[in-house]
Structure formats: C-alpha cells, structure tokens
1. Scan the range 67-75 and give yes if some residue there is part of a loop (DSSP other than H, G, I, E, B), modelled with pLDDT of 95 or more and closer than 20 Å to Met15 by Cα, otherwise no.
2. Write out, first by first residue and then by second, each pair whose Cβ atoms fall under 7 Å of each other, whose residues are 6+ apart or on separate chains, and whose first residue, in the range 96-108, is β-branched (Val, Ile, Thr) while the second is surrounded by fewer than 17 Cβ atoms within 10 Å (Cβ to Cβ).
3. Give me a count of the residues in the range 2-30 that are modelled with pLDDT of 95 or more and within 23 Å of Ser128 (Cα to Cα).
4. State whether one or more residues within the range 51-61 are among the basic types (Lys, Arg), more than 22 Å from Ala13 (Cβ to Cβ) and either assigned to a loop (DSSP other than H, G, I, E, B) or under 12 Å from the mean Cα position of the chain (by Cα) (or both).
5. Considering only the range 96-107, I want to know if a residue exists there that is modelled with pLDDT of 95 or more and either part of a helix (DSSP H, G or I) or charged (D, E, K, R) (or both).
6. If you check every pair at least six apart or on different chains, which have Cβ atoms under 9 Å apart with a residue in the range 113-138 that is closer than 17 Å to Ala79 by Cα and part of a helix (DSSP H, G or I) first and a residue that is among the acidic types (Asp, Glu) and modelled with pLDDT of 80 or more second?
7. State which residue pairs qualify: first residue polar (S, T, N, Q) and inside the range 38-60, second residue assigned to a loop (DSSP other than H, G, I, E, B) in any location, beta carbons under 7 Å apart, and separation of 6 or more residues or different chains.
8. Select from the range 62-85 the residues that are among the small types (Gly, Ala, Ser) and in contact with a helix residue (DSSP H, G or I) (Cβ under 7 Å, 6 or more places away or on another chain) and write down the one among them that is surrounded by the fewest Cβ atoms within 10 Å (Cβ to Cβ).
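The values are calculated or read from the model by the stated rules, or taken from the named source; none is laboratory data. Note that the structure is predicted; figures quoted are calculated from it, not measured. Neighbour counts run over all protein chains shown; Cβ positions are idealised from the backbone, glycine included.
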Amino acid sequence: MPKTLIYFFKILAHMRIAVPCEAPSLDSNVSMHFGRAPFFAIVDVENGEVVNVEFVRNPFEEHMPGQIPRFLHSLGVNAILAYGMGVKARMFFESFGIQVITGAYGRVRDVVKGFLTGTLELDLEWESREEFHRHHHY
C-alpha cells in the first residue's frame, strides 16, 4: 500500500474522533467500508491525549445518504479517521464542519495514535481498489 504521513490535519484542544471498526475494541481493524462498519470507536481527546473511548453500534448498516453523518454529528464528533468513504458522505461531513481523513488502515489504537503524533500512514490509492469501483464511491 502506498503510504504517507499526514501534516495537514488540524488537531484541536478538544476532539471527538470517530473511527469505523469491525469490532468494539481498540485492537480491531479499521473497517474498509465506512458506511458498512458494524461499530464506531468514539475517541475523546484533550490536549493531544486520549481521555475516553466508547464503542457504538452502527444503527444504519443499510443506510440512506446522510444518515450516518447526521448520527455521528449528533454524538458531537468533529473528526473522522476512515479507510474508504463515498463522496456523498464526505460532503455531508464537510457540511457539518467535521474533518475527514480517508485511507487510514490498521488497528484503531494505532490509527488514533498515529493521528495524534503526526505519524499516521495513509493508503492514498484506496479509491482505486476494485471494491470501491463496484460501489461507485468515486
């Protein structure tokens, strides 16, 4: 996978980060498909330190455009770390003022740590993967 480090993402004093994941565990992998993730890790960060983590079940695994962004916005999320995400979902998040990073992969624990320390590696070619072409996420 092509990799890069992120330097452009604004880290706020207080952040609530959502990470789509396969299981309710920090050791779970980031879900490849944002909207089909069975769970979201909701990570509260204060001054660059994780202060709380909770896991919520995705109530919209079969969803209409905008349902998941509205749900996460209602939880106070202001940043998303994900692997693959459709254009419509990104537009909804942007309309709510929620920052989005795509291409994040690996264990939830490592992705959050990488984000907070500025060492997050991203797959910049995630959109070219076959499964994203079939689902028209471009």
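1. Yes; the residues of the range 67-75 include at least one that is part of a loop (DSSP other than H, G, I, E, B), modelled with pLDDT of 95 or more and closer than 20 Å to Met15 by Cα.
2. Ile101/Ile6; Ile101/Phe9
3. 6
4. The answer is no; no qualifying residue exists.
5. Yes.
6. Sorted first by the residue in the range 113-138, then by its partner, the pairs are Gly114/Glu121; Leu116/Glu49.
7. What qualifies is Asn47/Ala13; Asn58/Ala37; Asn58/Pro38.
8. Pass one, the range 62-85, residues among the small types (Gly, Ala, Ser): 66, 74, 76, 79, 82, 84.
Those still in the list that are in contact with a helix residue (DSSP H, G or I) (Cβ under 7 Å, 6 or more places away or on another chain) too: 66, 82, 84.
Numbers: Gly66: 17, Ala82: 28, Gly84: 25.
Here the answer is Gly66.
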